[in-house]
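Contents: one structure, followed by commentary.
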Amino acid sequence: MSKRNIPVTMGTQHPDNAHAAFWDVNQNPFISAYTETVEAFENFATLDVDEYMWDWEGKHADAAVIDRLFSTKYDYFKEHQLGRDKFITFRFPNIWEEKGYSLMQAMTAFLSSEDFAHDLQFAQRPLFEAILPMAERADQIIEMQKLFEKLATFKTQVFTAQRQNTPYIEMIPLFEGFETQLHAPEILKQYLDLHEKHFGFKPPYLRVFLAGSDSALSSGFMNAITGNKLAIARLYEFAKAENIDIYPITGMGSAIFRGGLAPNRIKRFVQEFAGVRTVTVQSAFRYDYPLATVQQAIQQLKTTLPHVKPLEISANEQAILINVAKKSAEFYRHTLDNLILDMQPIFKAFPKRRDRRQHVGVLGYSREVDGLALPRAINFSGSFYAIGVPPEFIGFGRALASLNARELGVFVRHYPNMKKDFTELAAYLNLDSLAILAANNPAWNDVKKDIETLQNILAFEIKPQTQEQELHYQLAQQIVNIKDGASVAVTALINKQAQLRHFLG
C-alpha cells in the first residue's frame, strides 16, 4: 500500500451548505441520510473528488453503502475501483466519547464489502482505512485495529471459513484540540512502537487528520490557525526523524473561522497551510458555488497540493507561536463565557442540513468551553455571522495588541493573509447590531474593542462592499431585533444570509 494513490480532495458530510446540492432534484438544502449514497457517487462522478468520508460519528449512517454503490453504479466502479482509484473512508465513532453502538456495524461493513468486491472480481477491497475522531492517545488508535482484527478473525472462523477476510485496517487519527495537535508527533511515535509490537512491522506511511473547526470553537481563531500551522510543521519534522512518509489532512470549511477553504480561496489556502496533502471539500464548497467553479477548484487543488513544499518553523519560532496561541485562547474564552447565554436563542433557531443524533446524551457528546455546552462549530460560527459579528474577531484584536514586537513579527510572518482575511470579514460586521447587544450586555464591548484594535492595525473599512453584503447587513439587524430568538422567522433570515455569503456556518 505504500505506493497507493493518496487522495487530495475528500468530500464530507459537514452540514455547512446554504444552497441545495446540484444533484438534488427537489432542490432542498437538507440532505437526508437516505440520499448520502447518491451524494457519494455524484462527488466521484461529477466533481471528480478522490475520497468521500462516510461519517458514523454522532450521526446516522447507512451500513450498506458499498453494496448500494456496486449494485446501482457497477459500470462506474468497475472502471474507477474503490480502494484503488476512488476511496470511501469511514469516520468511526469514538467509543471513549460516545456510546459505540455503531462501531461493530461499521467494522462489519468493511468485511462484507470485501466479500462483495471479491465476488465481483474487483482487484482491491473497497474499504481499508478509517478515521478515529477526537484521538488523544496512541493506545486508542491501536485499540481500533485490534478490535477489527478480532472481528475479522471471528467472521472468518465462524461464518466464512472458505473466504478469509483481511484482518488489518489502517487508522487515521483525527487530532482536534490545540494541545493534541501540538503533541501529535509524540502520540504517533508511541503509536508506531505499539504497532510494531503488535503487528511485527511499522506502517510505510501515515495519514494524520488535523481538525480546523473544533479548535477554533474551543480556543478561538488565532489559536486554531496557529495550531494548525505548528502541527503541519512538526508532523514533517517527525516524518523525517522516523523516516516515514506522512500525508496530513485538514478538516476545513468555507468560513475563515473554520479554515477558509472555498473555491475562491485556493491560493490563500495553499499559502497558509503548505504541506497539507488532503483537504476536506465540505458541503458549502461543493454546493454554494456554480458547478463549473467547483469542478475547476477541485482540479486546481489536485494539481497543486501534492507538490507544495511543507511549512517549516524553527524551534525558536515554534516556542513563540505556542505562547501566542495560548495567550489568544485566554482572551477568546474569557470573552465567550460572557456572550454565550445571549447566543442561545440563535443557536436554537439555526437551520439543520443533515440527519444528526442529539448532540448530548446517550448517543452524543458535548463540546464545552469553560463548562458551557456549545453547539457544533458550523452552528456556532454561522450564528455569530447571523448577528453581524463574525467570530474570527472575538479575542483576536486584543490578543494581537498584547503581543510584543518579537511575537508580533513572528505571528504576522506566519499568517501572510491576515489583512486580506479581516478586510473580507469586515464587510460582514454590523456595528449597529453590536451596539444593541452591548446595551443589554456590556461584555460585547470587548468584541467591539477587538474590532477597533484590528481596524487600527490593519486599516480596513467596516461596511458592506457589495449588494449581497448590504442585504446581509440588513438581515443581521432584523435578527438582533427579534425578541423571540428561537422563532421560525430567525431560521428563515439565517437561511437567506447564508446564501448571500456562500456558506451556512
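Using Cα centres only, tell me the gap between segment 390-457 and segment 201-258 in whole Å. Measuring centre to centre over Cα atoms gives 25 Å. Could you tell me which of rounded, prolate or oblate describes segment 204-332, using a ≥ b ≥ c as the square roots of the eigenvalues of the alpha-carbon gyration tensor, with rounded for a/c under 1.5 and, failing that, prolate when a/b is larger than b/c and oblate otherwise? Verdict is oblate for segment 204-332. By the Stokes-Einstein formula, at 0.890 mPa s and 25 °C, segment 368-493 with its Kirkwood radius over alpha-carbon pairs has D equal to 156 µm²/s.
Calculate the translational D of the chain in whole µm² s⁻¹ from Stokes-Einstein, where the hydrodynamic radius comes from the Kirkwood formula applied to all Cα pairs, the temperature is 37 °C and the viscosity 0.692 mPa s. Translational D for this selection: 140 µm²/s.
Taking GluC sites (Glu not before Pro) across segment 439-476, the ones in a DSSP loop with at most 14 further Cβ atoms lying within 10 angstrom of their Cβ are GLU461. Near the amide H of ALA274, within less than 5 Å, lie the amide hydrogens of LEU311, all on another chain or at least 5 residues away, with H placed in the peptide plane. Overall shape: oblate for segment 444-505, with the ratio a/c of the largest to smallest alpha carbon gyration tensor axis at 1.5 or above and b/c at least equal to a/b. Applying the criteria of a DSSP loop state and at most 15 other Cβ atoms within 10 Å to the GluC sites (Glu not before Pro) of segment 207-312 yields GLU312.
Between HIS198 and THR46, the modelled label-to-label distance comes to 4.0 nm, taking each label 7 Å out from Cα in the direction of the beta carbon.
Relative to a virtual label point 7 Å from the Cα of SER71 in the Cα→beta-carbon direction, which members of segment 147-161 show backbone nitrogen distances below 11 Å? None, by backbone N distance to the label point. Where both bridge residues fall in the chain, DSSP classifies roughly 10% of the beta bridges as antiparallel. By the rule of a C-alpha distance below 17 Å, with chain neighbours fewer than 8 residues away ignored, the lysines paired with LYS352 are LYS59, LYS496.
Computed from the alpha carbon atoms alone, the convex hull of segment 1-58 holds 109 Å³ per residue. A Förster radius of 51 Å combined with the Cβ-Cβ distance from ARG163 to ASN481 puts the calculated FRET efficiency at roughly 0.20. Rolling a 1.4 Å probe over the protein heavy atoms gives the chain an accessible area of 39 Å² per residue. Separation of the alpha carbons by more than 18 angstrom is noted, of LYS189/LYS240; LYS267/LYS302; LYS267/LYS420; LYS3/LYS155; LYS146/LYS202, for LYS3/LYS155.
Think of it as helices only: each DSSP H run of n ≥ 4 in the chain is worth -39500 (n - 2.57), and spread over all residues that comes to -16000 deg cm²/dmol at 222 nm. Computed 3J(HN,Hα) for segment 33-45, one whole-Hz value per residue from the Karplus formula 6.51 cos²θ - 1.76 cosθ + 1.60 where θ = phi - 60°, is 4, 6, 9, 5, 5, 4, 4, 4, 5, 5, 4, 6, 6, glycine and proline marked x. Remark: C-alpha extents of segment 427-479 on the principal axes read 31, 29, 8 Å, sorted largest to smallest. Highest mean packing comes first when the peptides 79-86, 209-216 are listed by Cβ atoms within 10 Å, giving 209-216, 79-86. Model label points for ARG413 and THR466, set 7 angstrom from Cα along the Cα-to-Cβ axis, are 3.5 nm apart.
With a ≥ b ≥ c the root eigenvalues of the C-alpha gyration tensor of segment 1-97, is it rounded (a/c under 1.5), prolate (a/b larger than b/c) or oblate? Verdict is oblate for segment 1-97.
The values are calculated or read from the model by the stated rules, or taken from the named source; none is laboratory data. None of these values were measured; they are calculated from a predicted model. As a convention, Cβ positions derive from the backbone with ideal geometry for all residues, glycine included, and neighbour counts pool all protein chains shown. With ligands, DNA and RNA removed, areas are computed over all heavy atoms of the protein, side chains included. Shrake-Rupley method; radii C 1.70, N 1.55, O 1.52, S 1.80 Å.
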